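The values are calculated or read from the model by the stated rules, or taken from the named source; none is laboratory data. Only a predicted model underlies this, so the values are computations on that prediction, with no experimental measurement involved. Glycine also receives a Cβ, built like all others from the backbone with ideal geometry; neighbour counts cover every protein chain displayed.
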């Protein structure tokens, strides 16, 4: 019987072999099996996965053999590759917002793939697109087939990308970080969808992920990559119970576990409040005849000096909108939000500039928040120059190098460009930029969502250390409940713009009062296949 995928001794290098990114990788994937490929950033897992469809960066030198449903991919002609892509194997890319074309409807994009593979009848293509959207649980597919990507939520866009991958019923789906940056309830739905693809269609799945809870929930087997090599491969139950490689044990040890962190005690002193939200309302105005959209509805909370408040909730809950409102990027339309005692509804010009000088912002995706044409030095120095915080160029240089040292990056990193850094390094640079002006308050919006567990653990430890040393207050926004529990004094739970629950991290995570909070907690996958199987059995029952 021909296996859907066989990789034999695959090696990929750059610059005449100077950089070996993948080193002698061999893998097999059986029909109806889910294999997880895990490892930290730069381990070679995404490069290995993309090589299955012969997608290589420019200048790559490749050796070995890749057999896809019995055909040698590396020796395939362009016409053979066009036939294999989509029909034998299809890819679900990590970020659906960039994988989907914003100027075409999702139905057109699904139909275009069908057209490329010989389905000429326009009505048949549209009907197939609607059928695929229904299969991946997109509500009202007859209407939404004509939606544009920006009209869908993050989870719905991910389902559309999976629908495109399923269009020609391929033997293999390659899912590259399919749940990154999704909240836990949406993530659970995507995992169920992938499991249905395996169970109902017999599709083999290669999933690349840094989330070991996802691996435990979904995978039959696990292959662990480190520095371009497979260091361990085993059935998931075996690997999680008794990992053999030191690197695998370090990965598992780095996973923050919900309920096993004591959480920080509720902040004792509330004499000086940095941020106060009092029945906060934020409404986005309707355009082109559409009605306005209320994003935040009557939310009340405060943050004391030196306190970290974690905000959790699914996509569209309003948590990032609140974070943006703190620095004046989202309009406060009702109630009040006071930062350092100043009402943000009435602060403008020089006064707003001063508030921003006292506030740092760590963005979710530093790659898109940096100017790719500026060096790391200039990215960090930018707020110092904008606010004219230091008297001379030597003083700016000294401050930037000091900040790099604070976030544990070497000084020579200053002269590199953001695109030359790993995800973890870019996030550290983002933290350094947020700290440049010695802020009293920091908004951290999903600062670890796209990081693998080992890098995430280092960034979180760094954040906690700096917060303790510098004493800034923080609003920490995340969909990862274990991370929020570990780093926060108090936690607020948002849904549909309303604050459902607010209390100490220990109280909210160990004894939630609201059903929705309990749903969020129960949806978090843990790195234990046995526990995940029990949770699935209970949910079915």
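Pairing residues of region 509-521 that are closer than 12 Å to residue 492 by Cα with residues that are modelled with pLDDT of 90 or more and part of a helix (DSSP H, G or I), at Cβ distances under 6 Å and at least 6 apart in sequence or on separate chains, gives 509/485; 512/518.
Would you check if residue 42 is out of contact with any strand residue (DSSP E or B) (no Cβ under 6 Å at 6 or more places or on another chain) and either outside any loop (DSSP other than H, G, I, E, B) or surrounded by 15 or more Cβ atoms within 10 Å (Cβ to Cβ) (or both)?
Yes.
Among the residues making up region 119-164, those that are over 25 Å from the mean Cα position of the chain (by Cα) and not in a helix (DSSP H, G or I) are 119, 120, 121, 140, 145, 146.
Looking only at region 438-458, filter to residues that are buried (at least 24 other Cβ atoms within 10 Å of the Cβ) and modelled with pLDDT under 90; which one of those is farthest from residue 323 (Cα to Cα)? Among those residues, the one meeting the criterion is 452.
Evaluated against (1) under 26 Å from the mean Cα position of the chain (by Cα); (2) assigned to a helix (DSSP H, G or I); (3) loosely packed, with under 14 Cβ neighbours inside 10 Å, residue 379 falls short on exactly one condition, (3).
Mind checking whether some residue in region 165-173 is part of a loop (DSSP other than H, G, I, E, B), farther than 26 Å from residue 481 by Cα and modelled with pLDDT under 85? No, the conditions are met nowhere in region 165-173.
Please enumerate the residues belonging to region 132-146 that are in contact (Cβ under 8 Å) with a residue 24 or more places away in the chain and crowded, with 18+ Cβ neighbours inside 10 Å.
Selection gives 132, 133, 135, 136, 138, 144, 145.
Taken over region 1-39, the criterion of being free of Cβ contacts under 8 Å to residues at least 60 places away in the same chain and outside any strand (DSSP E or B) is satisfied by 1, 15, 16, 17, 18. Among the residues of region 17-30, are any surrounded by fewer than 22 Cβ atoms within 10 Å (Cβ to Cβ) and over 26 Å from residue 251 (Cβ atoms)? Yes: region 17-30 contains one or more residues that are surrounded by fewer than 22 Cβ atoms within 10 Å (Cβ to Cβ) and over 26 Å from residue 251 (Cβ atoms). The one condition from (1) out of contact with any helix residue (DSSP H, G or I) (no Cβ under 7 Å at 6 or more places or on another chain); (2) in a strand (DSSP E or B) that residue 282 does not meet is (1).
Taking residue 195, is it under 28 Å from residue 363 (Cβ atoms) and in a helix (DSSP H, G or I)? Taking the combined requirement at face value, the residue does not satisfy it. Looking across region 205-244, the residues that are farther than 30 Å from residue 19 by Cα, within 20 Å of the chain's Cα centre (by Cα) and part of a helix (DSSP H, G or I) come down to 213, 214, 216, 217, 218.
Mind listing whichever residues of region 57-102 are part of a loop (DSSP other than H, G, I, E, B) and either buried (at least 20 other Cβ atoms within 10 Å of the Cβ) or in contact (Cβ under 8 Å) with a residue 40 or more places away in the chain (or both)? Step through it out loud before you land on a result.
Let us first name the residues in region 57-102 that are part of a loop (DSSP other than H, G, I, E, B), namely 57-59, 69-70, 73-77, 88, 93-95, 100-102.
Of everything in region 57-102, those that are part of a loop (DSSP other than H, G, I, E, B) and either buried (at least 20 other Cβ atoms within 10 Å of the Cβ) or in contact (Cβ under 8 Å) with a residue 40 or more places away in the chain (or both) turn out to be 57, 59, 69, 70, 73, 88, 93, 94, 95, 100, 101, 102.
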